[in-house]
Amino acid sequence: MTIGEKVSYIKGLAEGLALDESTKEGKVLAAIVDVLGDIAENLAEVDEELDDVADVMTDLEESVSDLEDEVYGVDDDDEYDDDDFDEELDDMYETTCPKCGNTIRFDYEQAANEQLDCPNCGAHLEFSLEDDDAE
């Protein structure tokens, strides 16, 4: 039974009692039943909005999954586990933009160019892989 249904049941009970709303007690009970009705309506609206948010989150999860598949080249037919992901991370390079402090991750192919632009501020960065190989 939903909260709205329970409130309707209570309203029916109150009407069945034929409360005298001219008395103090009758006024209080009638006000409580009205407030319960308002609360039930608000909760129903919140539930509907929450369902909408859940639908959007599901769509976002699917989009992120599709994006991960595109970025990491994973097909649904491929087996993919955390070890594969760790190996891919080992092939990644990282630098910090001296202008904005943004940490930039890039793969070997991008690193081989020995230059790239910061995606955050657009600063042109130059570097050498030789320094990394020496370590």
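Some values worked out for this structure:
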read-out	value
Solvent exposure ordering (accessible area, 1.4 Å, most first) of GLU61, GLU45, GLU15, GLU114	GLU15, GLU61, GLU45, GLU114
GLU15 versus GLU109: modelled label distance in nm, points set 7 Å from Cα along the beta carbon direction	7.0
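The values are calculated or read from the model by the stated rules, or taken from the named source; none is laboratory data. Note that the structure is a prediction, hence the values are computed from the model and not measured. Please note: Cβ atoms are built from the backbone with ideal geometry, for glycine as well, and neighbour counts cover all protein chains shown. Note: accessible area is taken over every heavy atom of the protein model, side chains too, but ligands, DNA and RNA are not part of it. Shrake-Rupley method; radii C 1.70, N 1.55, O 1.52, S 1.80 Å.
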